[in-house]
Amino acid sequence: MSRSVTVGLDGSNESMAAAEWAAREARLRGLPLRLVNVWEPQPYIQAPLLGGETMQYRAERIPRETADELRLRHPDVEITADQVAGRPGTVLPDEARDAELLVLGSRGLSGVAGFMVGSVGMAAVAHTERPVVLVRAQETAEDEREADSTAYRPVVLGLDIEHADDSLIEFALDAAARRATALHVLHSWSLPPYYPYGLPVDPRMIAQLAAQQADSLAGTLHPWRQKFPAVEVVQRPRLGKPANHLVDASHDASVVVVGRRTRRSPLGAHIGPVTHAVLHHATAPVAVVPHD
């Protein structure tokens with residue numbers, strides 16, 4: 001059975017933006033789009049003026065009407081709509097098990113607060129076995145393009161070369177290839193732990209370490225350049241915190257790709273501090289790819 005691009009839909013502005021992004025992504029991938037609305041039945045006491053049947057009917061309208069609107073704007077994409085009962089944070093990872101990727105919305109906030117990824121989004125990112133893409137409420141098709149151009153902005157990949165997973169790199173390269181754009185690979189590195197605190201940084205040492213990091217990154221990417229010869233791969237090793245560099249790079253990206261290790265801690269699934277920060281503050285859609 002062919003995989004689909006699956007989007008979680010609740011009728012909010014952010015989920016509608018996610019559905020639009022997912023439709024464009026489905027067209028790029030040549031896949032069907034599946035809208036999933038998770039209806040969580042509420043106790044009657046919480047809605048005395050609306051019976052359970054009426055509430056469910058209103059919920060059923062969301063995926064049906066959204067599918068009709070998307071078909072008008074994206075006639076070349078096969079679109080289906082389903083409604084499933086349950087808790088969204090639990091149901092969506094299960095519904096995405098056979099999907100190519102799961103797309104969800106994140107609420108945009110102003111100022112330093114960045115973007116809010118609610119409990120449903122965080123649960124989906126932490127527990128879904130397929131890639132999850134978070135799309136902010138204000139995202140439009142024009143945001144993916146270069147100014148006054150039809151060309152896509154580059155795809156940005158955050159890569160730790162000490163734990164460089166093939167599925168993460170392949171996802172980012174495939175996204176860049178489908179958009180006919182470049183892939184910018186950001187690898188952040190820090191000063192060695194033995195470097196004395198407070199001592200002025202030696203520019204020659206920094207230059208030497210930077211060259212070593214660039215060589216290591218080039219070695220990691222070399223076989224992938226051969227597998228995707230049509231994609232321009234730009235190396236961007238940077239000294240400093242990876243989340244800061246990725247958030248800065250998101251302003252000029254069509255998509256930011258980060259990883260999530262699937263190994264569980266005693267406290268449960270762990271997203272990781274870098275991915276967590278990028279999800280909350282990146283201005284471009286963020287794809288989180290689970291890997292070992």
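Our coupling estimate for region 183-192, obtained by passing each phi through the Karplus curve with A = 6.51, B = -1.76, C = 1.60 and θ = phi - 60°, is 10, 9, 9, 9, 10, 9, 9, 10, 5, x Hz, Gly and Pro reported as x. Amide H contacts of Val234 (H built 1.01 Å from N, in plane; Pro and chain starts excluded): Leu183, His184, Val185 sit under 5 Å, all sequence-distant by 5 or more or on other chains. Here the peptides 139-151, 23-35, 275-287 are ranked by packing, the mean other Cβ count within 10 Å, and the order with the highest first is 275-287, 23-35, 139-151. In this simple spin-label model, placing a label point 7 Å from the Cα along the Cα-to-Cβ direction at both Ala210 and Glu69 gives a separation of 4.8 nm.
Couplings 3J(HN,Hα) of region 275-292, computed from phi: 4, 4, 5, 5, 4, 8, 10, 5, 9, 9, x, 10, 9, 9, 9, x, 8, 6 Hz, in residue order, whole Hz [Karplus 6.51 cos²θ - 1.76 cosθ + 1.60, θ = phi - 60°; x for Gly and Pro]. Across region 220-234, computed HN-Hα scalar couplings (Karplus, 6.51 cos²θ - 1.76 cosθ + 1.60, θ = phi - 60°) run 5, 8, 3, x, 6, 4, 6, 6, 10, x, 7, 9, 6, 9, 9 Hz from first to last residue, x flagging Gly and Pro. Remark on Arg260: its backbone amide H falls under 5 Å from those of Val289, His291, a criterion applied only to residues 5 or more positions apart or on other chains, H modelled at 1.01 Å from N.
What is the set of long-range amide H partners of Val38 at a cut-off below 5 Å, with H atoms built 1.01 Å from backbone N? For Val38, whose amide H was placed from the backbone, the distant partners under 5 Å are Leu9, Val84.
Where a number appears in this text, it was derived from the coordinates with a stated rule and is not lab data. Values in this document were obtained by computation on a predicted structure and should not be read as measured data. Positions of Cβ are generated from backbone atoms using ideal geometry, with glycine treated the same way; all protein chains shown enter the neighbour counts.
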